[in-house]
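These notes concern the structure reproduced below.
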Amino acid sequence: MNTLETGDRPGIAVVTGAGSGIGRAVAVELLDAGWSVVLAGRRAETLEETAALAPEGTSLAVRTDVSRPDDVAALFAAAVGRFGRVDLLFNNAGTFGPGGVPVEELPYEAWRHVVDTNLNGAFLCAQAAYRQMKEQTPRGGRIINNGSVSAHAPRPHSVAYTATKHALTGLTKSLSLDGRAYGIAVGQIDIGNAATDMTARMRTGALQADGRTVPEPVMDVADVARTVRHMAELPLEANVQFATVLATAMPYVGRG
């Protein structure tokens with residue numbers, strides 16, 4: 001059994017990148033559904049804005065740079081110290097990196113920043129969650145990694161982002177396999193054109209594979225949050241291994 005089956009509240013979730021965009025939307029969706037949520041992100045002020053949307057006592061804001069092992073360790077220590085366990089990690093923190101930069105002009109520092117955030121950060125958080133879920137009683141939990149449709153098909157001039165999202169798929173598969181023995185379910189949600197500040201440029205014009213720059217359709221970020229909640233609230237005996245949710249008319253299937 002797990003906390004989703006035994007507790008008065010659905011469970012304890014850690015959401016990274018919770019200060020804005022998809023992370024905030026998912027955190028609010030979970031909070032509204034009765035979860036207790038630990039909000040992680042680099043900017044304390046935006047985390048507090050998210051926390052203000054929650055009922056008192058149901059959230060905890062922890063300033064965290066997921067690329068730093070000590071920060072991640074402190075995040076999970078704070079989560080367990082406040083709520084006693086971790087039932088869900090939504091591994092969401094990420095960055096696009098500099099947009100529109102050809103591969104031959106991409107500075108190494110920019111490449112490294114994207115890799116450190118999107119891939120190394122996801123690994124560090126998953127590792128910390130895995131350790132906690134393996135040892136807690138009742139044992140087990142769920143990790144949901146935020147992939148991207150770029151884990152399947154790249155956009156022009158997105159080599160760092162695309163490489164990390166492809167790597168995240170391998171991370172998801174490996175964690176899912178290794179977690180079986182401990183009741184740890186791991187899945188991935190691949191998202192396309194959710195309406196957030198990070199994707200605002202999609203509505204004004206995005207570079208296409210044929211060289212044109214055209215506006216693209218977007219979807220309500222709340223639709224993403226509801227999908228994550230569905231994945232999160234399955235019993236641990238069931239798992240959505242991979243889910244793709246995207247704006248219906250975006251140029252993805254067959255793009256390029």
For the stretch 129-148 the number of residues that are in contact with a Leu (Cβ under 9 Å, 6 or more places away or on another chain) and either buried (at least 23 other Cβ atoms within 10 Å of the Cβ) or over 23 Å from SER67 (Cα atoms) (or both) is 11
Over the stretch 85-129, the set of residues under 28 Å from LEU60 (Cβ atoms), touching a strand residue (DSSP E or B) at 6+ places or on another chain (Cβ under 7 Å) and of a type outside the set (A, V, I, L, M) is ARG85, ASP87, PHE90, ASN91, ASN92, GLY94, CYS125
Checked against (1) in contact with a Gly (Cβ under 9 Å, 6 or more places away or on another chain); (2) surrounded by 21 or more Cβ atoms within 10 Å (Cβ to Cβ), ALA110 satisfies every condition except (2)
Residue pairs qualifying under the 9 Å Cβ cut-off, at least six apart or on distinct chains, with the first in the stretch 129-148 being within 11 Å of ILE184 (Cβ to Cβ) and the second being of a type in the set (Phe, Trp, Tyr) and in a strand (DSSP E or B), are ILE143/PHE90
Across the stretch 224-245, the tally of residues that are closer than 21 Å to ARG155 by Cβ, outside any strand (DSSP E or B) and not hydrophobic (A, V, I, L, M, F, W, C) stands at 0
If you go through THR172, THR204, THR196, THR162, the only one that is surrounded by fewer than 17 Cβ atoms within 10 Å (Cβ to Cβ) and either on the phi < 0 side of the Ramachandran plot or in contact with a Cys (Cβ under 6 Å, 6 or more places away or on another chain) (or both) is THR204
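Among GLY19, GLY34, GLY57, which is more than 21 Å from LEU175 (Cβ to Cβ), in a loop (DSSP other than H, G, I, E, B), of a type outside the set (Ser, Thr, Tyr) and within 18 Å of the chain's Cα centre (by Cα)?
GLY19
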When the stretch 42-96 is checked residue by residue, the ones that are charged (D, E, K, R) and in contact with a Lys or Arg (Cβ under 9 Å, 6 or more places away or on another chain) are ARG42, ARG43, GLU49, ARG63, ASP65, ASP71, ASP87
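Computed from the coordinates by the stated procedures, all read-outs in this text should not be read as laboratory data. Note that this is a predicted model, so its numbers are computed, not measured. Because the Cβ atoms are built from the backbone with ideal geometry, glycine has one as well, and the counts that use them run over all protein chains shown.
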